[in-house]
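Report on one structure; see the data block that follows.
Please treat every number below as a calculation from the coordinates, not as lab data. Everything quoted here is computed from the prediction, not taken from an experiment. Methodologically, a virtual Cβ is constructed for each residue, glycine included, from the backbone with ideal geometry; neighbour enumeration extends over all protein chains shown.
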Amino acid sequence: MEALISSQSPQHVFAVSHASDVAAVRRAGQKLAESLGFNETRAGQLALIITEAATNILKHAGEGQIHVGPAQSPAGIGVDVLALDRGPGIADLSSSLVDGVSTAGTAGTGLGALHRLSDEFDVYSTRGDGAAFFMRLWRDVPSPDPCGVEVGALWSPIRGEDVCGDGWAVACGGGGATLLAADGLGHGPDAARAASAAIGALGERGPVAAGELVHAAHEALRPTRGAALAAARIDFAADELRFAGVGNIGAIAIAIDDGRRALVSHNGIVGHNVRKVQEFAVPFGPGALCILHSDGIETRWDLDKYPGLQGRSPALIAAILMRDYIRGRDDAMVLVVRRLAGRA
């Protein structure tokens, strides 16, 4: 059975606009760390990471968001923290990450502490367009070996709903990784049940082909209202990604030496009306990206508008796309997966 991560894991999102919000996020992080079996030392590190990230938002941007959830990695148990703002950005990132350097009249230890305390750390910022920070802390030391892919995903329900009808899953095993993105029809609990059924279809199977996964999901979704769905299988040995989709899931593959390719889906509703399932293969060597998103995200995004973003953490790429291209009229989801070097 493949190691599976998905949107079934809780993702806590907090607005940060007041000093009291810092404590609220920290408490949620401590509760999550306890549920995942973190020891006191590692839980204390996580509390410091969250405190510094939230305080940095207040000092430099005035307001923003903190996302806290289980690590989006099949490799091991950890916690991910993502801090986003639309503030003035950071003019000199390398200097700002040195302890004692501050542009806000403070001691300047915050960003340096984020870097030191995190097992994995990344940041993206451009002047005038805000900043995004990604921090990951593993439960166990040393950190687990990577499973062959890096994953970053954000998902958000439409305003007024408590659950999101868009879902995603990534599984590693069998010499590759399997990706799934589902957009349950409509929104609310019924849409969420459809997305959950699709994720369950992947969880019940091993490393199946993309087309086979779509067929399996079609059967699993028959009792639901149905969904748009995309599946992809990365084959490490073949340096290839095979894709199959039904409905309007946006899908792009970006290979280092092969440029950007749109991955084509056929019309239909998985669970109700699937006329054709067809696999397409594209080159997908180390460093390549696959980006899947629901129609809650505009389609006119272009990573070339963000200098250097393509090489940053998938979590940061997903965050920037969500921040800048969410439509706000439906559930929204972005899944970004990068193939790592050294796996074949």
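Ranked highest first by the average count of other Cβ atoms within 10 Å around their residues, in what order do 301-312, 219-230, 162-173 fall? Don't skip to the end; give the middle numbers.
Numbers: 301-312: 14.0, 219-230: 22.1, 162-173: 24.4.
My ranking of the peptides, most packed first, is 162-173, 219-230, 301-312.
Specify which labelled value, from [x] 20.4, 63; [y] 19.6, 62; [z] 19.9, 68, agrees with Rg and Dmax of the Cα atoms in Å derived from the coordinates of the model shown. This structure yields the entry labelled [y]. Unpaired cysteine residues in the chain (no second Cys Cβ under 4.7 Å): Cys164, Cys290.
From its DSSP helices (H runs of at least four residues, each -39,500 (n - 2.57)), the chain gives a residue-normalised ellipticity at 222 nm of -8000 deg cm²/dmol.
Per-residue packing, averaged as other Cβ atoms within 10 Å, sorts the ranges 5-11, 268-274 into the order 268-274, 5-11, beginning with the highest. 3J(HN,Hα) couplings calculated from phi for the stretch 257-263 with the Karplus curve 6.51 cos²θ - 1.76 cosθ + 1.60 (θ = phi - 60°) are, in sequence order, 9, 10, x, 9, 10, 6, 9 Hz; Gly and Pro show x.
Placing +1 on the Cβ of every Lys and Arg and -1 on the Cβ of every Asp and Glu, with nothing else charged, gives the stretch 273-323 a dipole about its Cα centre of roughly 60 debye.
Relative contact order of the stretch 50-90: 41 percent, from C-alpha pairs under 8 Å at least 6 residues apart in sequence. Residue by residue, the stretch 64-80 carries 3J(HN,Hα) couplings of x, 9, 10, 10, 10, x, x, 4, 7, 8, x, 7, x, 9, x, 10, 9 Hz when phi is fed to the Karplus relation 6.51 cos²θ - 1.76 cosθ + 1.60 (θ = phi - 60°); x denotes Gly or Pro. With the highest mean first, a sort of the peptides 209-218, 121-130 on other beta-carbon atoms found within 10 angstrom per residue produces 209-218, 121-130.
Can you give me the relative contact order of the chain as a percent, contacts being Cα pairs under 8 Å and 6 or more apart? Mind dumping the intermediate values first?
Numbers: 873 pairs, mean separation 54.7, N = 344.
Dividing the mean separation by the residue count of the chain yields 16 percent.
Between the listed residues Val163, Gly128, Pro142, the Cα displaced farthest toward the positive end of the dipole of the stretch 121-170, a dipole computed from Cβ unit charges relative to the Cα centre, is found at Gly128.
Give me the distance between the Cα centres of the stretch 236-298 and the stretch 29-78, rounded to whole Å. The stretch 236-298 and the stretch 29-78 have Cα centres spaced 32 Å from each other.
Dipole check for the chain: with +1 at the C-beta of Lys and Arg, -1 at the C-beta of Asp and Glu, and the Cα centre as origin, the magnitude is about 340 Debye.
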